[in-house]
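Asker: Structure in structure tokens, see below.
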Protein chains: 2
Amino acid sequence: MAQYLAQLDRVFVALTDQTRRAVIRRLGRGPASVGDLASEFPMALPSFMKHVRTLEESGLIRTAKSGRVRTCTLNRERLALVDDWLAEQRRIWQERTDRLEQFVTETAKDQP
Amino acid sequence: MAQYLAQLDRVFVALTDQTRRAVIRRLGRGPASVGDLASEFPMALPSFMKHVRTLEESGLIRTAKSGRVRTCTLNRERLALVDDWLAEQRRIWQERTDRLEQFVTETAKDQP
């Protein structure tokens, strides 16, 4: 559970930045080399590499080096953590709605 | 668009913290006063109030004061920003899958 919460922390941290969200969107269209990715973003390579590392630490992307080229791939499964968290919230809201409906129904029954 | 991106930034920042996510979960069961909420979390009130303010700035919760009691309410619509962002990613993945399928189909047609 503690590991799950820490993973979710890192995923949300990764998603707080517009550049990192744009990288995720870009990798959704297919894998790309760090060089090609970096050329699409108006910042110095060291700054861009920091974003890549944050994404990699969150598990949202994977990188693999072949020769001199490092290729980035999206790890969709990790984004499912966010889906799961949202689904949990919706379940809680639904339970509340169900309780409110039950209360209203029972109150109506008690009316003369 | 810039405003939407800034809102999304603030929502993801609010979600990076386990205490703030727990407050969202708690408020999913119904509104609560800051005092009642704070008593459920093992931290000093000033620290807790910082989390409440971050949540309020993100738009994920609303607070209203009546007499000496400040009540917090969840703003579900703001959480829909995250749903929308995830849906956009899924659309991009689907387009990629469609393109790959089209490529495979056309390649198969060209075979003798």
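The values are calculated or read from the model by the stated rules, or taken from the named source; none is laboratory data. Bear in mind the structure is a predicted one, so any value in this text is a computation, not a measurement. In this analysis, Cβ positions are derived from the backbone assuming ideal geometry, glycine residues included, and neighbour counts consider all displayed protein chains. The area values use the complete protein model at the heavy-atom level, side chains included, leaving out ligands, DNA and RNA. Shrake-Rupley method; radii C 1.70, N 1.55, O 1.52, S 1.80 Å.
Asker: Rounding to the nearest 20 debye, state how big the charge dipole of segment B:2-110 is about its Cα centre with +1 on each Lys and Arg Cβ and -1 on each Asp and Glu Cβ.
Answerer: Working: 19 positive and 15 negative charges, 163 e Å.
Here segment B:2-110 has a charge dipole of around 780 debye.
Asker: Which stretch or stretches of segment B:1-41 have amide N atoms under 17 Å from the point lying 7 Å from B:Met49's Cα along the Cα→Cβ direction?
Answerer: Residues B:33-41 fall inside that zone.
Asker: Using Cα atoms only, what is the angle between the long axis of helix A:45-58 and the major principal axis of chain A, expressed in degrees (0 to 90) to the nearest 10?
Answerer: For helix A:45-58, the angle is close to 40 degrees.
Asker: Another one. For chain A, what relative contact order do you get, as a whole percent, if you take Cα pairs closer than 8 Å and at least 6 residues apart?
Answerer: About 26 percent, as a whole number.
Asker: Still on this structure, please answer the following. Hey, rough spin-label estimate for B:Leu86 and A:Leu5, points 7 angstrom out along Cα→Cβ, what's it come to in nanometres?
Answerer: Between B:Leu86 and A:Leu5, the simple spin-label model gives 2.0 nm.
Asker: Whole number in Å², please: accessible area per residue of chain A, 1.4 Å probe, ligands, DNA and RNA not counted.
Answerer: Value for chain A: 59 Å² per residue.
Asker: Find the Cα radius of gyration of the protein assembly as shown, compare it with 2.2 N^0.38 Å by division, and give the number to two decimals.
Answerer: Cα Rg divided by the expected 2.2 N^0.38 Å: 1.28.
Asker: May I ask you to list the lysines whose Cα is less than 18 Å away from that of B:Lys109, ignoring any residue fewer than eight positions away on the same chain?
Answerer: none
Asker: How much of the accessible area of the protein assembly as shown, probe 1.4 Å, is carbon plus sulfur, in whole percent?
Answerer: That fraction is 51 percent.
Asker: What is the average number of partner chain Cβ atoms found within 10 Å of a Cβ in A:12-20?
Answerer: Working: counts 11, 5, 2, 10, 9, 3, 6, 0, 1.
Per-residue shielding by partner chains comes out at 5.
Asker: Please give the total accessible area that chains B and A bury against each other, computed with a 1.4 Å probe and expressed in Å² to the nearest 100.
Answerer: 3000 Å²
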